[in-house]
Amino acid sequence: MTPAVTASLPSLSSSLQILLLMSALTLLPAALLMMTCFTRIVIVLAILRQALGLGQSPPNQLLVGMALLMTVFVMQPNLDRIYTAAYQPMVAGTLGAEVALARAGDELKGFMLGQTREADLRKFAEIAHSGPYASPADVPLPVVLPAFVSSELKTAMQIGFVVYLPFLVIDLIVSSVLMSLGMMMVSPATVSLPIKLALFVSIDGWTLMLGSLAKSFGG
């Protein structure tokens, strides 16, 4: 092997390491969001927008921003415990990075277990051919993660159904009234949209919706 080729191998290895590191940093925010309450909140807000019939208003960026702010609000006690038990000791040098990361992971795992159905834990434990476990706390994190996401999706759909139902009733009533009046050329959405907006604003819908979402996590 020539010296030039030999010298290029360490450089190639370093480049691959940097590439893998950058890829991991790109995926890390998405992975962290999947371990918090963000999934449920953003899905419910998207269903609410669809139920109101507003199209792209509020825009996706605003919905994601609202979901992020609500995630920080709901997760504040967990974030405080991570900061106190893991981050501060690590910065002070009294705790190693691996131990601090393990403590932070245990805190997030505790939150996820509090929102995960036992049926989902059993199902993914069976798929992973692991267990049985004495308690949900003994389930390893790789099994808890997909079970948590599955539970959050189901819960979000259930909440979304309850949110969507009254607006669907309004659409049906408006459509029936227009047909009975012979106004079949008028789009029901044109008439129902201002009615739904007036109803939503009159009951202070955004505050009610965001507050109910926060309370759905046991807060």
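The values are calculated or read from the model by the stated rules, or taken from the named source; none is laboratory data. Computed from a prediction, not measured in an experiment: that's the story for all the values here. Glycine also receives a Cβ, built like all others from the backbone with ideal geometry; neighbour counts cover every protein chain displayed. To get the accessible areas, we keep the full protein, side chains included, count just its heavy atoms, and leave off ligands, DNA and RNA. Shrake-Rupley method; radii C 1.70, N 1.55, O 1.52, S 1.80 Å.
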Subject >> Residue check for P142: part of a helix (DSSP H, G or I), closer than 30 Å to L33 by Cα and out of contact with any helix residue (DSSP H, G or I) (no Cβ under 8 Å at 6 or more places or on another chain) >> reply: yes
Subject >> Exclusive hit being within 30 Å of L69 (Cα to Cα) and surrounded by fewer than 17 Cβ atoms within 10 Å (Cβ to Cβ), set P146, P142 >> reply: P142
Original post:
Looking at (1) within 27 Å of the chain's Cα centre (by Cα); (2) open to solvent by less than 40 Å² (accessible area, probe 1.4 Å); (3) not acidic (D, E), which is the one condition that is false for A102?
Top reply: (2)
**OP:** Identify all residues within the range 174-199 that are open to solvent by 80 Å² or more (accessible area, probe 1.4 Å), farther than 21 Å from R49 by Cβ and in a helix (DSSP H, G or I); write none if there are none.
**Re:** M179, S180
Subject >> Every residue from the range 35-57 that is open to solvent by 80 Å² or more (accessible area, probe 1.4 Å) and in contact (Cβ under 8 Å) with a residue 24 or more places away in the chain >> reply: Q50
Original post:
Given the structure, is P29 modelled with pLDDT of 85 or more, at negative phi and surrounded by fewer than 14 Cβ atoms within 10 Å (Cβ to Cβ)?
Top reply: no
**OP:** Assess whether V64 counts as being of a type in the set (V, I, T), in contact with a Gly (Cβ under 9 Å, 6 or more places away or on another chain) and either assigned to a helix (DSSP H, G or I) or without any contact (Cβ under 8 Å) to a residue 12 or more places away in the chain (or both).
**Re:** no
**OP:** Working only within the range 75-99, note down all residues that are β-branched (V, I, T) and open to solvent by 40 Å² or more (accessible area, probe 1.4 Å).
**Re:** T84, V91, T94, V99
Original post:
What residue, among those in the range 124-135 that are in contact with a helix residue (DSSP H, G or I) (Cβ under 7 Å, 6 or more places away or on another chain) and in a helix (DSSP H, G or I), is surrounded by the most Cβ atoms within 10 Å (Cβ to Cβ)?
Top reply: F124
Original post:
So which residues in the range 84-99 are among the small types (G, A, S) and within 27 Å of the chain's Cα centre (by Cα), if there are any at all?
Top reply: A85, A86, A97
Original post:
Do we have L121 as of a type outside the set (S, T, Y), in a helix (DSSP H, G or I), modelled with pLDDT of 85 or more and within 30 Å of S192 (Cα to Cα) here?
Top reply: no
